[in-house]
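Engineer: Here it is, the structure in full.
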């Protein structure tokens, strides 16, 4: 359970993030948490709510808004993912998500830099937070400049016990990223791990000069994954094919084939080039409060009810 | 059967036919990737430890473990003998199997013996045991040296730190999980 100072910090962050995006001309949206159909992602398990689901991410609704209204949008909302419980995972967590029209994943990386700099500068001058922030790894880290951008292939070559190709071949990509690569990322300055293999980015656009790679990145600070962003795939036919593959995998595992999000695919046809990012709000609070457990940075964790 | 999402610290599962306990557990899930269940496991028979990473679709058999209430009788060399208080069956565990438990064991103490199939592999003691202090330095009253504990030896030969007022012949309560002094017991 979060103490008063923690509650104050969460509130200050929410306020500053909203101010940041308003200043940049983004429209704040609030979309339904409970939905009858989800974007199929075989690695993410939804929590049922009656015959509907709690959202695993606001992506579906936000991209439909984006397709119908050419405007930059953001949202801060709860997301729910079944069976995710660990030092950095809660089944209910808070997501900051934003989308840029006409932008690509490089613009989103720039957004991350600007946003985190703004947050640090704004918080460090507030007396109630300055000591906490200054003493955190986020406080001692250079966020002013020198952010690193490392490709997935470079990271595997540098830290992996096998090549990227071999890891994909043996279905050990996630394991190696998690165990061998993540601990090295974002130790001195925040690091973007970018250009993921196409097979690891079901909703992302492929790179024009190399279709084996997707325009997707993850932001890491102090070995912790904070955000996942990518240039949006706007080809509805291609997206339907990729969803079919995801649905195949889910059906194989669950024995039931979820419904195809047809209305989403319909709206995707009118989506102009855009980019979107999901940023774990609670993990940012973990960094600022130097907390080891995500449980410690939410107002109430599941443990507080048991 | 357990599935990977059941894995947690303290769970006992069967691996290669032997019971293992999860001593450390970490859930991780990179980006939009697969869930990974990283475990440090301890073989409950040999005590050897190793780490392994499991996936969502991994399944685990439950270890066939059973606890029986038994009474400690005596030790002979490296053998610690116990008796089942219901059927009077006797058995022993080795010093290696007993580990730190020998520090708290007195004759006639009731313990839980853990069986893997027919085989005794471990014991668990009551959380708190009362033991008699057999050796303690007297407390120099007015000692202002700043140390607030002193070492004593209890009847099992175990040494621990206690508050200065504890004297030889006192009975003290010890927490068997940590080996720490809890309180002095009045008889």
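Rule-based calculations on the coordinates, nothing more; no lab input. As the structure is a prediction and not an experimental result, all values here were calculated from the model. A quick note on method: Cβ atoms are made from the backbone with ideal geometry, for glycine too, and the neighbour counts reach across all protein chains shown.
Engineer: Pick out the one residue from A:107, A:102 that is over 27 Å from residue A:12 (Cβ atoms), surrounded by fewer than 19 Cβ atoms within 10 Å (Cβ to Cβ) and in contact (Cβ under 8 Å) with a residue 24 or more places away in the chain. Spell out how you get there, then give the answer.
Structural biologist: Numbers: A:107 fails: over 27 Å from residue A:12 (Cβ atoms).
Sole residue among the options that is over 27 Å from residue A:12 (Cβ atoms), surrounded by fewer than 19 Cβ atoms within 10 Å (Cβ to Cβ) and in contact (Cβ under 8 Å) with a residue 24 or more places away in the chain: A:102.
Engineer: Ok, one more. Could you tell me which residue of region A:58-86 is nearest to residue A:266 (Cα to Cα), considering only residues that are within 14 Å of chain B (Cβ to nearest Cβ) and assigned to a loop (DSSP other than H, G, I, E, B)?
Structural biologist: Top of the filtered list is A:81.
Engineer: Take region A:252-267 and flag every residue that is outside any helix (DSSP H, G or I) and either over 23 Å from residue B:57 (Cα atoms) or within 14 Å of another protein chain (Cβ to nearest Cβ) (or both).
Structural biologist: Answer for region A:252-267, where residues must be outside any helix (DSSP H, G or I) and either over 23 Å from residue B:57 (Cα atoms) or within 14 Å of another protein chain (Cβ to nearest Cβ) (or both): A:255, A:260, A:261.
Engineer: For region A:180-220, which residues satisfy the criterion of being in contact with a strand residue (DSSP E or B) (Cβ under 9 Å, 6 or more places away or on another chain), assigned to a helix (DSSP H, G or I) and surrounded by fewer than 20 Cβ atoms within 10 Å (Cβ to Cβ)?
Structural biologist: If the condition is that a residue be in contact with a strand residue (DSSP E or B) (Cβ under 9 Å, 6 or more places away or on another chain), assigned to a helix (DSSP H, G or I) and surrounded by fewer than 20 Cβ atoms within 10 Å (Cβ to Cβ), then A:184, A:198, A:199 are the ones that fit.
Engineer: Within the set of pairs 6+ apart or on separate chains, which have a first residue in region B:20-36 that is free of Cβ contacts under 8 Å to residues at least 12 places away in the same chain, a second that is assigned to a strand (DSSP E or B), and C-beta atoms under 6 Å apart?
Structural biologist: So the pair list comes out as B:27/A:86; B:27/A:89; B:28/B:36; B:31/A:218; B:31/A:228.
Engineer: Any chance region A:28-38 includes a residue that's touching a residue at least 12 places away in the same chain (Cβ under 8 Å), within 14 Å of chain B (Cβ to nearest Cβ), crowded, with 16+ Cβ neighbours inside 10 Å and over 26 Å from residue A:222 (Cβ atoms)?
Structural biologist: First, the residues of region A:28-38 that are touching a residue at least 12 places away in the same chain (Cβ under 8 Å): A:28-38.
Keeping just the survivors that are within 14 Å of chain B (Cβ to nearest Cβ) gives A:38.
From what's left, crowded, with 16+ Cβ neighbours inside 10 Å: A:38.
Narrowing the set further to residues that are over 26 Å from residue A:222 (Cβ atoms) leaves A:38.
Looking for residues that are touching a residue at least 12 places away in the same chain (Cβ under 8 Å), within 14 Å of chain B (Cβ to nearest Cβ), crowded, with 16+ Cβ neighbours inside 10 Å and over 26 Å from residue A:222 (Cβ atoms), one finds at least one in region A:28-38, hence yes.
Engineer: When you check residue B:126 against the structure, is it in a loop (DSSP other than H, G, I, E, B), touching a strand residue (DSSP E or B) at 6+ places or on another chain (Cβ under 8 Å) and within 30 Å of residue B:64 (Cβ to Cβ), yes or no? If you could, list the steps in order and put the result at the bottom.
Structural biologist: Values: in a loop (DSSP other than H, G, I, E, B): yes; touching a strand residue (DSSP E or B) at 6+ places or on another chain (Cβ under 8 Å): yes; within 30 Å of residue B:64 (Cβ to Cβ): yes.
In short, yes.
Engineer: What tally of residues in region B:19-35 results from selecting those that are in a loop (DSSP other than H, G, I, E, B) and either more than 7 Å from chain A (Cβ to nearest Cβ) or touching a strand residue (DSSP E or B) at 6+ places or on another chain (Cβ under 8 Å) (or both)? Working first, answer last.
Structural biologist: We begin by selecting, within region B:19-35, every residue in a loop (DSSP other than H, G, I, E, B); these are B:29-35.
Those left that are additionally either more than 7 Å from chain A (Cβ to nearest Cβ) or touching a strand residue (DSSP E or B) at 6+ places or on another chain (Cβ under 8 Å) (or both): B:29-32, B:34-35.
Number satisfying all stated conditions: 6.
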